[in-house]
Amino acid sequence: MALLDLLKHRKSIRDFLDRPVERVKIMMCLEAARLAPSACNSQPWKFIVVDDKQLKDKLGDAAFRGIYSMNSFCKMAPVMIAVVSERSKFLASIGGMFRGTKYYLIDIGAAVEHFVLQAEDLGLGTCWIGWFNERAVKSVLEIPHRKKIDILIALGYYDREKTRSEHSREPIDKIASFNSY
Ligand SMILES: Cc1cc2nc3c(=O)[nH]c(=O)nc-3n(C[C@H](O)[C@H](O)[C@H](O)COP(=O)(O)O)c2cc1C
């Protein structure tokens, strides 16, 4: 699919089909993420893929209870990915401190969007998930406490016919200008 068509078709998916996702497709999404750019080529990410049903159910129950229950739809997704934010290279960290910019978050964003777009191209739906019980996710996945998980990805097949493709977005003249602010 042409890139702009793919971008127009991608929507956050919150209703997944009960159908397993092939490992080969997950690997393609990981490869897309791996190719993302990052400050000083730090690649400050690790993707923990959870496709074991029992573990995923445990993760869903832990991550989306209480104040996080608005994201309980994720329990329907056959795959969840925890994206661990790893340390940037020294130069990127120092440069980021100097600039007051968290480069590692920009890097993670680029990698996750690569993942998401590859998934869409393979007919898979995704949803970025920023609202979850991080401590519980670390505990279930045995991720060290000192690590940071800024984002999860819900992944699975979805009903493409049922999904609306229009986006609620600001017009270009509001978000961009040429040659001055
Ligand atoms: C950093 C980030 C965090 C997000 N967290 C959540 C979330 O916790 N739950 C959810 O349902 N959607 C979440 N989303 C999805 C957004 O709500 C969605 O991208 C936005 O409303 C635009 O809709 P679209 O993705 O369908 O175009 C998140 C998206 C991003 C980029």
* Zone of Asp159's modelled label, taken as backbone nitrogen in region 99-139 under 17 Å from a point 7 Å along Cα→Cβ -> 124-126
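Note the full-extension length gain between Asn179 and Ile67 as 0.36 nm times their separation in residues minus their Cα-Cα distance, in nm to one decimal.
Working: separation 112, 0.36 × 112 = 40.32 nm, distance 4.45 nm.
Extra length available between Asn179 and Ile67 comes to 35.9 nm.
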* Asked: Working out 0.36 nm times the residue gap between Leu7 and Asn41, then minus their Cα-Cα distance, what length gain in nm do you get to one decimal?
  -> 9.7 nm
* Asked: Among Pro144, Asn41, Ser168, whose Cα lies farthest out toward the positive end of the dipole of the chain, if unit charges sit on the beta carbon of Lys, Arg (+1) and Asp, Glu (-1)?
  -> Pro144
* To do: Along Cα→Cβ, 7 Å out, is where each label goes; now give me the distance between the ones at Ile94 and Leu55 in nm to one decimal.
  => 3.8
* Using the 10 angstrom Cβ neighbour count as an exposure proxy, how do His114, His167 rank, fewest first? -> His167, His114
* Structure fact -> Sorted on mean Cβ neighbours within 10 Å (highest first), peptides 72-79, 171-178 come out as 72-79, 171-178
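To the nearest 20 Debye, how big is the dipole of region 97-159 about its Cα centre, given +1 on the beta carbon of each Lys and Arg and -1 on that of each Asp and Glu?
Details: 7 positive and 8 negative charges, 117 e Å.
About 560 debye.
Going down the table (Lys25/Lys53; Lys53/Lys102; Lys46/Lys102; Lys8/Lys46; Lys11/Lys147), which pairs top 24 Å between alpha carbons?
On the way: Lys25/Lys53 17 Å; Lys53/Lys102 35 Å; Lys46/Lys102 17 Å; Lys8/Lys46 28 Å; Lys11/Lys147 29 Å.
Check vs 24 Å cut-off fails for Lys53/Lys102; Lys8/Lys46; Lys11/Lys147.
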* **Residue (of Ser12, Leu91, Ile81) at the positive-pole extreme of the chain, dipole from beta-carbon charges** => Leu91
* Treating only the Cβ atoms of Lys and Arg (+1) and Asp and Glu (-1) as charged, compute the dipole magnitude of the chain about its Cα centre; round to the nearest 20 debye. => 540
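Which order, highest average first, do 49-58, 117-126, 33-42 follow once you tally other Cβ atoms within 10 Å for each residue and take the mean per peptide? Mind showing how you got there, number by number?
Working: 49-58: 14.5, 117-126: 20.1, 33-42: 16.4.
Top to bottom by mean Cβ count within 10 Å: 117-126, 33-42, 49-58.
Only the coordinates and a few stated rules stand behind these numbers; no lab work does. Because the structure is predicted, anything quoted here is derived from the model rather than measured. Cβ coordinates were reconstructed from backbone atoms using ideal geometry, including for glycine residues, and neighbour counts include every protein chain displayed.
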